[in-house]
2 protein chains.
Amino acid sequence: MPHSEIELTEAEWTIIKAVWEKQPCAAPDIQERLEKKTAWTYSTVRTIMDRMVAKGLLTAEKIRNLTLYRSAVTREQAQRGELAYALKHAFNGALTPMVQCLLDAGDLSADELAKLETLIKEKRKRAKTK
Amino acid sequence: MPHSEIELTEAEWTIIKAVWEKQPCAAPDIQERLEKKTAWTYSTVRTIMDRMVAKGLLTAEKIRNLTLYRSAVTREQAQRGELAYALKHAFNGALTPMVQCLLDAGDLSADELAKLETLIKEKRKRAKTK
DNA sequence: TTGCACTCTCTACATATGTAGAGATACAAC
DNA sequence: GTTGTATCTCTACATATGTAGAGAGTGCAA
């Protein structure tokens with residue numbers, strides 16, 4: 001049992017994506033970087049980030065007057081968390097229908113479909129040899 | 001533009017799944033049905049349901065002393081909403097990586113993989129003839 | 001007409017989340 | 001020392017979400 005499910009709110013996703021882009025970073029950095037998109041003030045960004053530290057989503061290291069933040073979870077972990085949530089609630093844990101819905105919903109190009117087909121083939125091969 | 005994204009909280013998912021199982025239903029029904037899983041009191045269930053009506057997730061029809069609820073969204077709509085959320089936030093809208101992650105994460109049986117492969121093949125065929 | 005049994009309405013409270021202002025601090029430049 | 005400027009800390013408030021108790025309305029059975 002690795003970690004109790006990781007779940008992010010919309011605001012948290014916005015922040016953590018910015019953190020991933022430039023790892024140790026200060027709150028004012030993030031605030032500036034997001035200003036165009038979100039119009040959040042420094043206080044807002046800072047509050048969210050500190051709450052994320054409390055939740056274990058970020059780490060904070062204080063150096064003099066500056067607080068450096070880093071992500072405490074990888075993008076993959078966060079992605080898995082999000083998928084796990086959808087899988088559990090919307091699809092009762094059934095993976096196949098979920099993938100199916102995904103294929104139905106999106107407009108995938110022939111190229112992308114081909115790529116997926118390849119992926120699955122490889123996966124099957126690996127499953128067999130295991 | 002169909003509907004502004006549908007999003008459900010954990011509690012709401014629990015409720016709406018119960019409603020889908022037995023369409024017009026009263027709050028006490030749902031409460032009883034969920035009691036084993038959730039231990040929610042009648043008040044709790046009722047409050048959530050009424051809030052869901054306010055959000056347009058359920059409809060309520062009052063007949064004398066009884067309020068009948070129905071789902072205002074289909075399971076498919078709700079599923080799509082959930083996937084759209086994950087897609088947008090965790091994968092920046094890129095479907096292929098999302099499917100990929102899904103394949104990596106879950107332990108799909110060879111059978112299921114085969115089924116998916118078939119699905120994709122069909123999809124490609126349809127895409128071509130279109 | 002009294003009393004259950006059922007369902008409802010109203011109100012309440014804790015925690016979570018989104019959002020931000022006001023004032024304190026630290027450090028560099030003058 | 002005084003003044004800026006960047007950064008921080010604290011506090012606050014609105015809305016959302018989870019959770020539930022107390023008491024009122026309705027109708028059947030005795």
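Check A:GLN79 against each of (1) more than 8 Å from chain B (Cβ to nearest Cβ); (2) buried (at least 17 other Cβ atoms within 10 Å of the Cβ) and name the one condition it does not meet.
Every listed condition holds for A:GLN79 apart from (1).
I'm checking my understanding of the structure. Among residues of the range A:11-58 that are under 20 Å from A:GLY81 (Cα atoms) and among the aromatic types (Phe, Trp, Tyr), which one is farthest from DNA strand D (Cβ to nearest atom)? First the steps, then the outcome.
Going through the range A:11-58, the residues under 20 Å from A:GLY81 (Cα atoms) turn out to be A:11-21, A:48-49, A:51-58.
If we keep only those that are among the aromatic types (Phe, Trp, Tyr) too, we end up with A:13, A:20.
Values: A:TRP13: 15, A:TRP20: 19 Å.
Within the range A:11-58, the match that is farthest from DNA strand D (Cβ to nearest atom) is A:TRP20.
Could you tell me which residue of the range B:60-74 is nearest to the other protein chains (Cβ to nearest Cβ), considering only residues that are exposed (fewer than 11 other Cβ atoms within 10 Å of the Cβ) and more than 8 Å from DNA strand C (Cβ to nearest atom)?
This residue is B:GLU61.
Restricting attention to the range A:66-85, does a residue exist that is in contact with a strand residue (DSSP E or B) (Cβ under 9 Å, 6 or more places away or on another chain), over 24 Å from B:GLU5 (Cα atoms) and basic (Lys, Arg)? If you could, list the steps in order and put the result at the bottom.
Step one: list which residues in the range A:66-85 are in contact with a strand residue (DSSP E or B) (Cβ under 9 Å, 6 or more places away or on another chain), which gives A:67-73, A:78.
Then keep just the ones that are over 24 Å from B:GLU5 (Cα atoms); that gives A:67-73.
From what's left, basic (Lys, Arg): A:70.
Among the residues of the range A:66-85, at least one is in contact with a strand residue (DSSP E or B) (Cβ under 9 Å, 6 or more places away or on another chain), over 24 Å from B:GLU5 (Cα atoms) and basic (Lys, Arg), which makes the answer yes.
Within the range A:44-58, is even one residue of a type outside the set (A, V, I, L, M) and loosely packed, with under 12 Cβ neighbours inside 10 Å? Reasoning before the result, please.
Here is the first cut: in the range A:44-58, the residues of a type outside the set (A, V, I, L, M) are A:44, A:46-47, A:50-51, A:55-56.
With the extra rule that they be loosely packed, with under 12 Cβ neighbours inside 10 Å, the set shrinks to none.
No; the residues of the range A:44-58 include none that is of a type outside the set (A, V, I, L, M) and loosely packed, with under 12 Cβ neighbours inside 10 Å.
Could you give me the residue pairs with C-beta distances under 6 Å whose first residue belongs to the range A:93-113 and is more than 7 Å from chain B (Cβ to nearest Cβ), whose second residue is surrounded by fewer than 18 Cβ atoms within 10 Å (Cβ to Cβ) and at pLDDT 85 or above wherever it lies, and which are 6+ apart or on separate chains?
If the second residue must be surrounded by fewer than 18 Cβ atoms within 10 Å (Cβ to Cβ) and at pLDDT 85 or above, no pairs are left.
Kindly indicate whether B:GLU61 is of a type in the set (D, E, K, R), more than 10 Å from DNA strand D (Cβ to nearest atom), free of Cβ contacts under 8 Å to residues at least 60 places away in the same chain and over 23 Å from A:LYS88 (Cα atoms). Walk me through how you get there before you give the answer.
Numbers: of a type in the set (D, E, K, R): yes; more than 10 Å from DNA strand D (Cβ to nearest atom): yes; free of Cβ contacts under 8 Å to residues at least 60 places away in the same chain: yes; over 23 Å from A:LYS88 (Cα atoms): yes.
The answer is yes for B:GLU61.
Need the failing condition index for B:ALA27 against (1) in contact with a Lys or Arg (Cβ under 7 Å, 6 or more places away or on another chain); (2) surrounded by fewer than 20 Cβ atoms within 10 Å (Cβ to Cβ), just the number.
Only one criterion in (1) in contact with a Lys or Arg (Cβ under 7 Å, 6 or more places away or on another chain); (2) surrounded by fewer than 20 Cβ atoms within 10 Å (Cβ to Cβ) is unmet by B:ALA27, namely (2).
Residue by residue through the range B:60-83, note down the ones that are of a type in the set (Ser, Thr, Tyr) and either assigned to a helix (DSSP H, G or I) or over 17 Å from the mean Cα position of the chain (by Cα) (or both).
First, the residues of the range B:60-83 that are of a type in the set (Ser, Thr, Tyr): B:67, B:69, B:71, B:74.
Across the range B:60-83, the qualifying residue is only B:THR67.
Of all residues being away from DNA strand C (no atom under 14 Å from the Cβ) and not in a helix (DSSP H, G or I) in the range A:17-59, which is nearest to the other protein chains (Cβ to nearest Cβ)? Just the residue, please.
Of everything passing the filter in the range A:17-59, A:LYS22 is nearest to the other protein chains (Cβ to nearest Cβ).
For the range A:48-65, check the following and say yes or no: at least one residue is out of contact with any Pro (no Cβ under 8 Å at 6 or more places or on another chain), basic (Lys, Arg), more than 16 Å from B:CYS101 (Cα to Cα) and outside the structural domain of A:ALA26 (by TED's automatic domain parsing). Before you say what the answer is, go through the steps one by one.
Narrowing the range A:48-65 to residues out of contact with any Pro (no Cβ under 8 Å at 6 or more places or on another chain): A:48-60, A:62-65.
Next, only the ones that are basic (Lys, Arg) stay: A:51, A:55, A:62, A:64.
If we keep only those that are more than 16 Å from B:CYS101 (Cα to Cα) too, we end up with A:51, A:55, A:62, A:64.
After this cut, where a residue has to be outside the structural domain of A:ALA26 (by TED's automatic domain parsing) as well, the list is none.
No, the range A:48-65 contains no residue that is out of contact with any Pro (no Cβ under 8 Å at 6 or more places or on another chain), basic (Lys, Arg), more than 16 Å from B:CYS101 (Cα to Cα) and outside the structural domain of A:ALA26 (by TED's automatic domain parsing).
Could you check, for the range B:74-92, whether at least one of its residues is among the hydroxyl-bearing types (Ser, Thr, Tyr) and in the same structural domain as B:GLU61 (by TED's automatic domain parsing)? Outline the logic, then answer.
The initial filter retains those residues of the range B:74-92 that are among the hydroxyl-bearing types (Ser, Thr, Tyr), namely B:74, B:85.
With the extra rule that they be in the same structural domain as B:GLU61 (by TED's automatic domain parsing), the set shrinks to B:74, B:85.
Yes, there is a match, as at least one residue in the range B:74-92 is among the hydroxyl-bearing types (Ser, Thr, Tyr) and in the same structural domain as B:GLU61 (by TED's automatic domain parsing).
The values are calculated or read from the model by the stated rules, or taken from the named source; none is laboratory data. Values in this document were obtained by computation on a predicted structure and should not be read as measured data. FYI the Cβ positions are ideal-geometry reconstructions off the backbone, even for glycines, and counts take in every protein chain you see.
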